[in-house]
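Everything below concerns the one structure shown next.
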Amino acid sequence: MSVSGRKGRARSGTSHIKQAAGVPMQAAILHAFGAPLSVEEIRLAPPAPGQISVEIDACAICHSDIAFADGAFGGTLPMVLGHEAAGRITAIGPDVQGFAKGDAVLVTLIRACGTCPACKADAPTSCDDAYTPLPTPIHNAKGPVTQAMSTGAFAEAVVVDQSQCVKLPEDIDPSIACLLSCGVITGFGAVTNTAKLKPGQTCAVIGAGGVGLNTIQGAALAGASQIIALDLSDEKLATATSFGATMGIRADDPASDTLLREATKGRGVDYVFVTVGVPHIFETATNLLAPGGAMVMVGMPALDARVSYSPTAIAGMNQSLLGSRMGQTVLQRDIPALIELYRAGKLQLDTLVTARYPLSEINTAIESARKGQAVRNVIVF
């Protein structure tokens, strides 16, 4: 059963003290790929230098979590998933700057060293050390538990690097704010940071799920003249229209390519955003591009997925393939800007939340998302 949202962040000081002291807490643990998660006790190590401890108020379920749980990205079991979170700082390690106990924060998987060439160029999602494994702060009775995506937020608290957090205003509902941690910035940033779509340009968005809808509303706010959504669900295509899509096409329609070409007077689109993790779509999406267009790779297929292209066809039409990890987001720059758009009524967030669940019902929430019945289900604590 879903539970209602909760405004504000009032918490008892006792729970903060307990979590900072490392008293056992609850987390959903994956013990076998493809199996349900198990809600169990864990312990968190205190924050090390540069780290902070955050008590989690809400964590949304992203399809990357589901892909991880199914074994698409590998990893050492057992592990705690969850990376789209919001909460409040309960403890601070040495050398932390710009944060204080009690701050409301967004928690993301964007971990950056701050010193490599990418970080110095204000491109933290390309950090040289983004995938360097670090000791896990999570342990259960049997030993270490992997902190998936450097976050592990399907838990009552996390210990993360300070680079993974950004402060939040006190008046933002954490069950809404948590969506900014991944789904919103990934889709929106693919348009504004990666593609740098200009007013009047055209685009197609393949997949009208959580990331796709944010890609669509990002394109609409950027001034795209045509935003063509493609999906297998009529319901999702209808929702896409409410987020700014100018046209919806069933992706399984044999005439889908023809319909898109007709809509663009035979030219194709300037950008195709692939927001799903289906390998063959990355291969065929380039067929929708106009000369000089670019395919932006937003969705994440399994690690062993492979596709093929004709380099001559791509180069011969001056087309591009662009990777977009987490929308190439710069947290301290982009999150405040998105919050201002939300406050102004220009960015939809509330309507992205399908249902809220307690941690004890996380498997129900995941199954609903797996079946495509939810844009975003959110675990609330």
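The values are calculated or read from the model by the stated rules, or taken from the named source; none is laboratory data. Fair warning: this is a prediction, and the values are worked out from it, not measured in the lab. Note that each Cβ is placed from the backbone with ideal geometry, even for glycine, and that neighbours are counted across all protein chains shown. Just so you know, the surface numbers come from the protein's heavy atoms only, side chains and all, with ligands and any DNA or RNA stripped out. Shrake-Rupley method; radii C 1.70, N 1.55, O 1.52, S 1.80 Å.
Before moving on, here are some points about what is shown:
- The one condition in (1) open to solvent by 20 Å² or more (accessible area, probe 1.4 Å); (2) within 22 Å of N377 (Cβ to Cβ); (3) aliphatic (A, V, I, L, M) that L81 fails to fulfil: (1)
- Candidate set from the range 118-134 (those that are without any contact (Cβ under 8 Å) to a residue 12 or more places away in the chain and exposed (fewer than 13 other Cβ atoms within 10 Å of the Cβ)); member that is nearest to A27 (Cα to Cα): P133
- The range 64-78, residues that are surrounded by fewer than 24 Cβ atoms within 10 Å (Cβ to Cβ) and of a type outside the set (G, A, S): I66, F68, D70, F73, T76, L77, P78
- Top-ranked residue of the range 284-319 - restricted to ones that are part of a loop (DSSP other than H, G, I, E, B) and free of Cβ contacts under 8 Å to residues at least 12 places away in the same chain, ranked as least open to solvent (accessible area, probe 1.4 Å): S310
- Once the range 334-350 is narrowed to residues that are open to solvent by 70 Å² or more (accessible area, probe 1.4 Å) and touching a residue at least 40 places away in the same chain (Cβ under 8 Å), the residue that is farthest from the chain's Cα centre (by Cα) is K346.
- Criterion (among the hydroxyl-bearing types (S, T, Y) and at pLDDT below 95) met by exactly one of Y271, Y309: Y309
- Unique residue being in a strand (DSSP E or B), closer than 20 Å to D57 by Cα, open to solvent by less than 60 Å² (accessible area, probe 1.4 Å) and in contact with a Leu (Cβ under 7 Å, 6 or more places away or on another chain) when the list is I379, I362: I379
- Restricting the range 237-253 to residues that are open to solvent by 60 Å² or more (accessible area, probe 1.4 Å) and in a helix (DSSP H, G or I), the residue that is farthest from V184 (Cα to Cα) is A238.
- Under the condition of being of a type outside the set (S, T, N, Q) and open to solvent by 20 Å² or more (accessible area, probe 1.4 Å), the residues counted in the range 367-376 number 5.
- Taken as a whole, the structure leaves S233 outside the set of residues that are more than 26 Å from Y131 (Cβ to Cβ), surrounded by fewer than 19 Cβ atoms within 10 Å (Cβ to Cβ) and at pLDDT below 95.
- Any hit, the range 2-20, residues being surrounded by 16 or more Cβ atoms within 10 Å (Cβ to Cβ), at pLDDT 50 or above, outside any helix (DSSP H, G or I) and among the small types (G, A, S): no
- Being in contact (Cβ under 8 Å) with a residue 24 or more places away in the chain, over 27 Å from P291 (Cβ atoms) and either of a type outside the set (V, I, T) or open to solvent by less than 10 Å² (accessible area, probe 1.4 Å) (or both) is a property that A190 lacks.
- Among the residues of the range 143-153, none is identified as open to solvent by 70 Å² or more (accessible area, probe 1.4 Å) and in contact (Cβ under 8 Å) with a residue 12 or more places away in the chain.
- Check on L322, of a type outside the set (D, E), without any contact (Cβ under 8 Å) to a residue 24 or more places away in the chain and surrounded by fewer than 22 Cβ atoms within 10 Å (Cβ to Cβ): no
- Pair list, Cβ < 9 Å and 6+ apart or interchain, from the range 363-377 residues that are touching a residue at least 60 places away in the same chain (Cβ under 8 Å) to residues that are part of a loop (DSSP other than H, G, I, E, B) and surrounded by fewer than 21 Cβ atoms within 10 Å (Cβ to Cβ): N363/P36; A365/S2; I366/P36; R370/D70; G372/L232; G372/S233; N377/S2
- Only a single criterion out of (1) closer than 24 Å to M297 by Cα; (2) of a type outside the set (K, R); (3) free of Cβ contacts under 8 Å to residues at least 40 places away in the same chain is not satisfied by L179, namely (3).
- Residue check for K265: open to solvent by 60 Å² or more (accessible area, probe 1.4 Å), touching a residue at least 40 places away in the same chain (Cβ under 8 Å) and out of contact with any Lys or Arg (no Cβ under 7 Å at 6 or more places or on another chain): no
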